[in-house]
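Data first, discussion second: the structure below is written as C-alpha cells.
Please treat every number below as a calculation from the coordinates, not as lab data. Predicted model only: the values in this text are computed from it and were never measured. All Cβ positions, glycine included, derive from the backbone under ideal geometry; neighbour counts span all protein chains shown.
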Amino acid sequence: MFKNGNSTVKSIFTPFNVITGIIVLFGLVLTVVRFTGGLAAVSNLSDYNPWGIWIGLDLLTGVALAAGGFVASAAVYIFGMKKYHAAVRPAILTAFLGYALVVVALSYDVGIPWRLPYPFIIQQGTTSVLFEVGICVCLYLIVLFLEFSPAALEWLGMKKIRSLVHRLTVVLTIFGVILSTLHQSSLGALFLIAPSKLHPLWYSSYLPVYFFITAIIAGLSMVLFEGALCHHLFADKLDEAHKQEKDQIALGFGKAASWVLAGYFATKVVGISADNNWHYLLTGYGLWYLTELLGFVGLPCLFYAIGVRERRLTLIRWTAGWTVMGIILNRLNICIIAFNWHLPASERYFPHWMEIGISVFLITCGLIVFKYVVSRMPVLYSHPDYKETH
Amino acid sequence: MSISRRKFISWISAGCTSLICTTAHGAKKQFKGYPDSFGILHDTTICIGCRRCEDACNSVNNLPAPEKPFTDLSILDKKRRTTTKAYTVVNKYENKDKNKASVFRKSQCNHCLEPACASACFVKAFKKTKEGPVTYDPKVCVGCRYCMIACPFEIPTYEYDEPLTPRVMKCTMCHDLIKKDKLPACVEICPTGSLKFGKRDALIKYARERISKFPDRYIDHIYGEHEMGGTSWLYISNLSFNEMGMREDLGITPAPELTAGALGAVPVVVSLWPVLLTGIYAINRRKEKLAEREKAEAVSSAVEAAKAGREKVSLDKVRGSDG
Ligand code: SF4
Ligand code: SF4
Ligand code: SF4
C-alpha cells in the first residue's frame, strides 16, 4: 500500500469510498437537522402515524435480517452441524452490526434518545411488550458482542482472552437463542395491542409466532444471500475451507428454508381460517396479501426446493435474495402499509425523503464497518493459529 | 468452568429471572377500574357546538392560542382531531336524515379504565389514577410513541417539532382540579349541560334513565360503558356512534389483555428453552464423541492391522532371506 504516494491516493479514492463518503457526509448533515429541528424537520411522522420507516424498516426488518446470527450459531454449536461452520462468523458479524444499527436508528426515532435507558433504570413498564423487546435486544447485543469478540481478539493476537471467551461459545449460543426467540416474536406482539388499526388479514393472535418463524426464514436466507455477496466482493479473503463449505451451506440452509417457508405458509392459511378472513381476500388489500403470501412465501419455498433437489446453487442464491425482499415487504406491510388502513388517504403516511436519507446513511455506515472488519479480521477465513479450535 | 464464565452465566441468568418475574407479574396484574372513580357523560343530543369547552380547556392547560378565535364556528365544517395545541375538539356530523339537525360531538382522551396507552408504555409514564383521570409524566417519557400506536381512540399527540424535550400531549381530565373538588374546565363552562361530571357508576345509571325515558331521542347504547373494557368518558346520542366517527368495532376486551398472552409466554420460553437446548447439545456432543471414539478405534485397529501385516511381511522377508 505504501509503495508510492500515487497508489495510496488511488486506494483511498475507490468508487466504494467515494460513494459511501458522500452518503456519510450527507447523512451527517441530516443528523444535524434531525437533532436541531426535531422529528418534524426530517420526517412525515404524525399523530395518526407515529411509526414510520425507522421502525418499519430499520427496527423490524433490521432485527429480522440479523436473525442469521442465532440461526447459524445454533445450527453449528447446538445441533452439531459442524459442516456449516463457515457460515457462523459472517452471520454473527452481520447480526452484531444489525443490532447496533437498530439502536442507533432508535436514537433518531425516539423523541428523547438519551432517555433510552430510563425503562431499565428509572421505571420498568413491565406490562409493555416494548419493555420486553428492549431488555432482550439490550442483552442480546452484549451476547453478540461476546460471540464476535474471538475474531477481533484473534486479529489483535490476544490469545489468552480469546480462549477464555471461546470457551463460552455454547453458553452464549444458548442465551442467544433464548433472547432471539423472545424478542423476535415480541416484535410481532407489539402490534397485538392495535387490532383496530392493523388490517385483519395481517392482524392475528399468531403474530408473535409468525414473526419468530419469519425471523428464522430471514436468518437462513440472509446467510445465503450474504454468502453469495461476500463471495463476489471479498473472494480474495475466503480460504479454501470456506469456499468448499459454501456449497454445502447453500444446499443445507436452502433445504431448511424451504421447509420453514412451507410450515409458515401452512400456519398463515390456518390463521386466515381461524379468524375466518377469507372474504377479505377479494379486496385490494386481499390481493396485496396474496401477493405477499404466494409471491414471497409460496414461490421461494418452491424455488428453494427445486434448487436443492437439482443442486442449482445460483437458483438457491437468487431465491435467498427474493425471500429477504419478502421479509422486508412483510414487516413494512404490518408496520406501515396495512397499518391504519381504515384512515383516508390524506391521513396516511409516506416517508419523507430525509427519513429515507437517514436510513440509507445508517445502512451505509453498517456496510463500511462490515467491510473494514471483514478485510482485517478472520471472518471469511480461519485464522491460521486457531484452525483446529473452532 | 472458568470464573468469568460462571460470573457471566449468573449475571445473564439474573437478567432472565428478573424478566420472568417482572413479565409474569405484569401479565397477571390486571386492573379492573377503581370503584368510586369519576367520569364525564357527554350527551351529544344537547351539545350546540359552541366550542366554549375547547376554549376553557385551552386556557386551563396554558396551551397556545389558536389561529382563529374559539368563537369562529366555521371551523366546525372541517373534521379535526386532537393536536398538541388542542386536547379537545368539537366536530359536527351531518344527520343522514336531512330533516334532523346535525350533531356535535366533543372528543378528547376517554380516560380508559384499563388504558392501552398505560399498558403499552415501557417506562410507565401513564397512570390510571383512582379519581379517574389517566395522567402522563413527561419527566420519564422517552418518546417511543408506542402509546400512540396503542390508543384505540387515536388520542395522544406528539410534539414532533420540539427538538429537545418533546412531550406526548393529551387531555388530563383536569386531574388537579378534580383533586381539589372542582369541576373539569370543560364541564364547568358548558352552557347546556351536555357535559355532566360525577361518579362513573351514577352517570351510567343516569344515562340509562335518560335513554329509557326518551327512547325516541337516544340510541340504546352508552358508548364507553364497555368499549375497550370501559372508559371514564361516556357518550349518549341519537345518531349512531359510527356516524359520529366513533368506532363501534373496538370490542370490549381491555387493551392489556391483548398482549397478556404474549407476555405470559416469556417465562415459559425462558424456563423451557435452556433445558431443551442444553439437552440437544448434550445429545449431539455424545454422538460426536461416540463417532470420534469409533473413528479412533477404527483408525487404531487399522493401524494395528497394517502393523501386523507389515510385521508378517518383514518376518516373511527374514524367513525368505534365511531360506
Ligand atoms: S383514550 Fe387513549 S390516551 Fe386516553 S386513556 Fe384511553 S388509551 Fe390512553
Ligand atoms: S412516548 Fe412516552 S409515554 Fe408514550 S409509550 Fe413512549 S415513553 Fe411512554
Ligand atoms: S361547551 Fe358544551 S355545548 Fe359547547 S361545544 Fe362544548 S360540550 Fe358542546
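General observations
- Comparing B:LEU272, B:ALA150, B:ALA262 along the charge dipole axis of chain B, the residue lying farthest to the positive side is B:LEU272, per the Cβ-charge model.
- Candidate lysines for bridging to B:LYS307, where Cα separation is under 28 Å - those fewer than 8 sequence places away on the same chain excluded: B:LYS289, B:LYS295, B:LYS317
- Measuring nothing but how far apart in sequence close Cα pairs (under 8 Å, 6+ apart) lie, relative to its length, chain A scores a relative contact order of 28 percent.
- Charge tally around A:LEU39: other residues with Cβ under 11 Å, Lys/Arg +1 each, Asp/Glu -1 each, net -3.
- Cβ neighbours within 10 Å from other chains - mean over A:76-84: 3
- Taking a ≥ b ≥ c as the square roots of the eigenvalues of the Cα gyration tensor, segment A:17-377 is oblate, since a/c reaches 1.5 or more and a/b is not larger than b/c.
- A Förster radius of 51 Å combined with the Cβ-Cβ distance from A:LEU367 to B:ASN62 puts the calculated FRET efficiency at roughly 0.60.
- Measuring between alpha carbons in the structure, the pairs from B:LYS100/B:LYS180; B:LYS85/B:LYS213; B:LYS79/B:LYS196; B:LYS100/B:LYS196; B:LYS68/B:LYS96 lying more than 32 angstrom apart are B:LYS100/B:LYS180; B:LYS85/B:LYS213.
- Charge context of A:LYS243, other residues only, Cβ under 13 angstrom, K/R +1, D/E -1: -3
- For B:224-233, mean number of other protein chain Cβ atoms within 10 Å: 0
- Across peptide B:158-168, the average count of Cβ atoms from other chains found within 10 Å of a residue's Cβ is 6.
- Take each peptide in B:188-197, B:62-71, A:183-192, count the other Cβ atoms within 10 Å of every residue, and average; sorted highest first, the result is A:183-192, B:188-197, B:62-71.
- Annotation for segment A:221-319: trypsin sites (Lys or Arg not before Pro) lying in DSSP loop with at most 15 further Cβ atoms inside 10 Å of their Cβ are A:ARG311.
- Counting only DSSP H runs of at least 4 residues, each contributing -39500 (n - 2.57), and dividing by the residue count of chain A, the helix-based mean residue ellipticity at 222 nm comes to -21500 deg cm²/dmol.
- Listed pairs B:LYS78/B:LYS139; A:LYS82/A:LYS371; B:LYS78/B:LYS182; B:LYS78/B:LYS98; A:LYS197/B:LYS127 exceeding 28 Å between Cα atoms: B:LYS78/B:LYS139; B:LYS78/B:LYS182
- Mean separation of Cα contacts under 8 Å (6+ apart) over length of chain B, as relative contact order %: 22
- Counting charges near B:ALA282 (Lys, Arg +1; Asp, Glu -1) among other residues having Cβ under 14 Å from its Cβ returns a value of +3.
- In chain B, the longest principal axis of the Cα atoms and the axis of helix B:3-28 are about 30 degrees apart.
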